[in-house]
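The block underneath contains the structure these notes are about, expressed in structure tokens.
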Amino acid sequence: MAEILEPPSSAHGMSESSEKPQEHVLDLDPKTMRTTKPGVKRLILTFSVLFSFLLGLPFLWKSVEIYRSPLPFHDIDSLSAQIEKKSVKFPCNFHAIFVGFDSIDPDRLRSTILNEITKLIPQTPQCGSCGSSNNFSLSVTVQESHSHCVQNLNHLSLSCSYRCGSIKVIDFESDDDEAIDAMLRSVLAGCSNVGGKVHSVVVLNGHALEEVRAVVGKHRHAWVVGKGLEERKEAVAAWVAEIFTRFFVNGGREEGMIHGEFMPVGADGSIVLSFNLLNADPRDWVYDWDFHKIDETLAPVIEALGPIANISVESQVLYHTPKASFASWDEKLQSYVFSTKDLPFFVNSNEWHLDTSIAAGGRSKILQFVVYIPSAKECPLLLQLPDGEISKTNGFISPMWGGIIVWNPTNCLKGSESNHPTRHTIPSQDLEQVFEVFVGQVRQLFGLKSDSSYHGVSGTINLLYSERGFTEWEMDFLLRQHTCFNLHSCATTLDSLSRLVQSLPRMIIMDEIGKQVKFSLEAAKQAQSNTSLGVYESSAVSSREARSLAEDAFFHPSIMSVSYYSFEHCFAVYSPFFLPVAMHVVLAALREWKRYRQENTKYLAWKAKVKKA
């Protein structure tokens, strides 16, 4: 080896300095040193491939990106907190007018009435009531015998103050409650739209009647008339307080009736009234009806409920629709009797195909109203109440479903079977009576009574019936209750949507959902604003829209579409395609980097040794 490394003979004259590198070359260890700097071509090529993969990752991530429209989470939380903590408060203005009272201090009278109202108002008022002490006002007006008035308006607008002398004793001498109700409406009509609705009670002293008579009208007022009421101030205050709280605040509802949370209104704010005429056995008789004549009966009811729901009406006639159970014959009544205890077995869902419209599907609420015509084998058919009495309406309701009326034809004879039964039409008079019962059932489904009188603590209070099916003070109560329920439902739905979206970061949120949430919040705020002003109709419409939009956003088809998947799912889908190649590229880059560092270390070691020598 030494001979091979010897210089040629022609180099015998080389200087001493040129022999030093030769000595270092002789000491070179190829395992730890090298004399040339390592190349970077392989390193550049390897890292170019690696960088190409890294540059492709943003494009890959963009291709699997889930679009999410920004949602106003802060506004949703704010709405939920407001509804939950502050609840929904409705202002109510009460006005008590005393006619024919002398030497009475309106301030003391107002204080007495307030004390009675406080006793009657529950500690936890229900949703939609205005009975809490901080959201209702009471004003008292005393009209003395010589038509001089003393008023305590208590925040009631001066433009709404009672015009002294406009109510006279002679106006109440008639027993025509309808005429008195119309007269009071004309006198007190100016207080309808000032700072919200004003509910008034007129107390008239000096009437010819010895007994006290109390009547609640069709509008927003009531009256109490009697003789010697001036000496019975505390009893009169109890009358007034009971009318205010029982009717104007609570809508005449009683415990045990349909709860307000189960209002028969669909999530989209619509109701379909489906009227069905069922012929149990067409071999006995076939009945039809002239449904177009009922429009006059239904139109006022639909108009009254317009702010609460969009109502549509449908009708149909069905045949071969027997009930699910049989009735028993009663010799005393000479009719078949069906006990209300067996009412769950009356409706035959297998034979009664009552759905009449495709438009009634989805989130709309369908209320079924059935006129059932029994067969000759069970005719006449009467419904027996739990106390043993026969039902006057011969009908019943099923909460959240609808109502049923049994109508017995006049020719209820067992021998009326025929191979070719003739077709009949229900008489117009009977049909009107049937639909009057249906209106009463609609009232019951909304939680209201249909009694003409109320026996309270102070005495009997007569109630006037409205041609629209609902009096104005009843509609005020329903509007408040409906608004409160809708706002709570809207806040709950939006809060659930917010938590769901935040818990699933790869859920698709389309622009349409964002717009629905935005418009729902705006409608809810508008409803709250109208509520504070006492504009019940507008607040009910806005709250209905807010709830409908919130439901549309929560149940949007794109939320739970096939395109939704988690990050783990995304990784599991794409990793078999890219992970094997990417892993080899990364490992090759690491190996090449490691090789380059090792070779560079060898070069630096040789260079350091040469420099040292």
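The values are calculated or read from the model by the stated rules, or taken from the named source; none is laboratory data. A quick note: this is a predicted structure, and the numbers were derived from the prediction, not measured. Note: ideal-geometry Cβ built from the backbone for every residue, glycine included; neighbour counts use all protein chains shown. Just so you know, the surface numbers come from the protein's heavy atoms only, side chains and all, with ligands and any DNA or RNA stripped out. Shrake-Rupley method; radii C 1.70, N 1.55, O 1.52, S 1.80 Å.
Restricting attention to the range 251-271, the residues that are open to solvent by 10 Å² or more (accessible area, probe 1.4 Å), touching a helix residue (DSSP H, G or I) at 6+ places or on another chain (Cβ under 8 Å) and at pLDDT 80 or above add up to 4.
Conditions (1) outside any loop (DSSP other than H, G, I, E, B); (2) loosely packed, with under 11 Cβ neighbours inside 10 Å; (3) modelled with pLDDT under 85, marked per residue:
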{"residue": "349", "(1), (2), (3)": "no, yes, yes"}
{"residue": "353", "(1), (2), (3)": "no, no, yes"}
{"residue": "363", "(1), (2), (3)": "no, no, yes"}
{"residue": "370", "(1), (2), (3)": "yes, no, no"}
{"residue": "383", "(1), (2), (3)": "yes, no, no"}
{"residue": "388", "(1), (2), (3)": "no, yes, yes"}
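Cβ-Cβ distances below 9 Å connect the following pairs, each with a first residue in the range 197-209 that is at pLDDT below 80, a second residue that is polar (S, T, N, Q), and a separation of six or more residues or different chains: 197/93; 206/145.
Give me a count of the residues in the range 525-536 that are open to solvent by 50 Å² or more (accessible area, probe 1.4 Å), within 16 Å of the chain's Cα centre (by Cα) and under 15 Å from residue 308 (Cβ atoms). Residues flagged as open to solvent by 50 Å² or more (accessible area, probe 1.4 Å), within 16 Å of the chain's Cα centre (by Cα) and under 15 Å from residue 308 (Cβ atoms) within the range 525-536 amount to 0.
Return the residue satisfying two criteria in turn: it lies in the range 550-563 and is open to solvent by less than 30 Å² (accessible area, probe 1.4 Å) and closer than 17 Å to residue 80 by Cα, and of such residues it is modelled with the highest pLDDT. Restricting to residues being open to solvent by less than 30 Å² (accessible area, probe 1.4 Å) and closer than 17 Å to residue 80 by Cα, the top hit is 550. Out of everything in the range 289-306 that is part of a helix (DSSP H, G or I) and of a type outside the set (A, V, I, L, M), what residue ends up being surrounded by the fewest Cβ atoms within 10 Å (Cβ to Cβ)? Per the stated criteria, the residue is 292.
Yes/no matrix, rows are residues, columns are (1) closer than 20 Å to residue 321 by Cα; (2) surrounded by 15 or more Cβ atoms within 10 Å (Cβ to Cβ):
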site: 376; (1), (2): yes, yes
site: 392; (1), (2): no, no
site: 402; (1), (2): yes, yes
site: 407; (1), (2): yes, yes
site: 427; (1), (2): no, no
site: 447; (1), (2): no, yes
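Against the list (1) open to solvent by 90 Å² or more (accessible area, probe 1.4 Å); (2) more than 30 Å from residue 580 (Cβ to Cβ), the condition residue 101 fails is (1). Taken together, 465, 454 contain a single residue that is touching a Lys or Arg at 6+ places or on another chain (Cβ under 8 Å) and open to solvent by 40 Å² or more (accessible area, probe 1.4 Å), which is 465.
A Cβ distance below 9 Å, combined with a sequence gap of six or more or placement on separate chains, defines the contacts here; from the range 307-333, residues that are under 30 Å from residue 530 (Cβ atoms) and in a loop (DSSP other than H, G, I, E, B) reach residues that are open to solvent by 30 Å² or more (accessible area, probe 1.4 Å) and of a type outside the set (S, T, N, Q) in the pairs 307/537; 307/541; 307/544; 308/541; 308/544; 309/365; 309/544.
When restricted to residues that are small (Gly, Ala, Ser) and free of Cβ contacts under 8 Å to residues at least 60 places away in the same chain, the range 481-513 contains 2. Flag not set for residue 483, criterion: within 30 Å of residue 78 (Cβ to Cβ), among the polar types (S, T, N, Q), open to solvent by 50 Å² or more (accessible area, probe 1.4 Å) and under 14 Å from the mean Cα position of the chain (by Cα).
Selection within the range 36-91: residues that are under 30 Å from residue 128 (Cα atoms) and aromatic (Phe, Trp, Tyr). The member of this set that is least open to solvent (accessible area, probe 1.4 Å) is 90. Only a single item in (1) of a type in the set (Lys, Arg); (2) part of a helix (DSSP H, G or I); (3) open to solvent by less than 50 Å² (accessible area, probe 1.4 Å) is not met by residue 515, and it is number (3). Taking the range 26-35 as the range and being touching a Lys or Arg at 6+ places or on another chain (Cβ under 7 Å) and either open to solvent by 90 Å² or more (accessible area, probe 1.4 Å) or of a type outside the set (S, T, N, Q) (or both) as the test, the residues that pass are 33, 34.
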